Every structure is written in C-alpha cells, then in structure tokens.
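Written out below as structure tokens is the structure these notes cover.
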Amino acid sequence: MSALFRIRVLATSGTRIWCAAAGRLTVRTSRALHEELTDRCAGASVVVLDLREIQLPVEGDLLAPPWPDGPHAVHLLAPASLRGRTAVDVRVHWHVDVDTAWSAWCDPPATQPGK
C-alpha cells in the first residue's frame, strides 16, 4: 500500500533536523507518519516540523499528534487544528511563520544539564 504522505528532510545540523511533511492524514497515516518521523529524528535534540501542507480529515477529531518521540524540543508549523494538541506536550513550540521557526532551529537553547 502506498503512503498517503511524503516527508522531506530540509536541513540538518548536529542534533538538529528540519522536516516537512505533506499529504492526507487519516488515523492510519497519522500513526505511520509518527513512526516515520520518530525513526528519522532518532538522536535529534531539536526538530522543526513543517506540517502546513498536511490535509486533515473534515469529520471529527480522529488524529493522534504525528510529531516524533524523542527530541528535547519540537518546533511546529502546522494547521491551526493541530495547535490544541500541543498543550499536553511541553516539548512542542508553536510557530506561526517560517522565520520564527528558523530562528529557533538555528539558535536552540542550551541543553539542560543531565540531558
């Protein structure tokens, strides 16, 4: 079965990675996207996810958050309907434009001691 989404790695630097994803998200593809991003971001401490091209289902609240497990910080550019899902994950930082996300990715905060 072919994937209904695509992921591109736009930039890497040390333990920082910037990915963009596009496509239709369903419950199945949301889980698959989460797993793929977790694999691609293994070892990353700061991740920027550009999910602005993600198409969400019209009906109901079907999706689990697709961002990856692992990184200390996830900077998110995404449809507003995903914003409410960021409240429970302290790693996630919402950005309304590429410039602020790029600035956060280029100049990440110092890693906390013991991390």
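Every residue, every condition in (1) at pLDDT 95 or above; (2) assigned to a helix (DSSP H, G or I), yes or no:
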residue	(1), (2)
A3	no, no
A11	no, no
W18	yes, no
R28	no, yes
R31	no, yes
H34	no, yes
R52	no, no
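Residues in the range 80-115 that are touching a strand residue (DSSP E or B) at 6+ places or on another chain (Cβ under 7 Å) and modelled with pLDDT of 85 or more: 9 in all.
The residue that is farthest from the chain's Cα centre (by Cα), counting only those in the range 18-74 that are surrounded by 15 or more Cβ atoms within 10 Å (Cβ to Cβ) and among the acidic types (D, E), is E36.
Take the conditions (1) over 19 Å from D107 (Cα atoms); (2) in contact with a strand residue (DSSP E or B) (Cβ under 6 Å, 6 or more places away or on another chain); (3) hydrophobic (A, V, I, L, M, F, W, C); (4) surrounded by fewer than 15 Cβ atoms within 10 Å (Cβ to Cβ); L10 misses just one of them, which is (1).
The values are calculated or read from the model by the stated rules, or taken from the named source; none is laboratory data. Computed from a prediction, not measured in an experiment: that's the story for all the values here. Don't worry about glycine lacking a Cβ; one is built from the backbone with ideal geometry, like all the others, and counts go over all protein chains shown.
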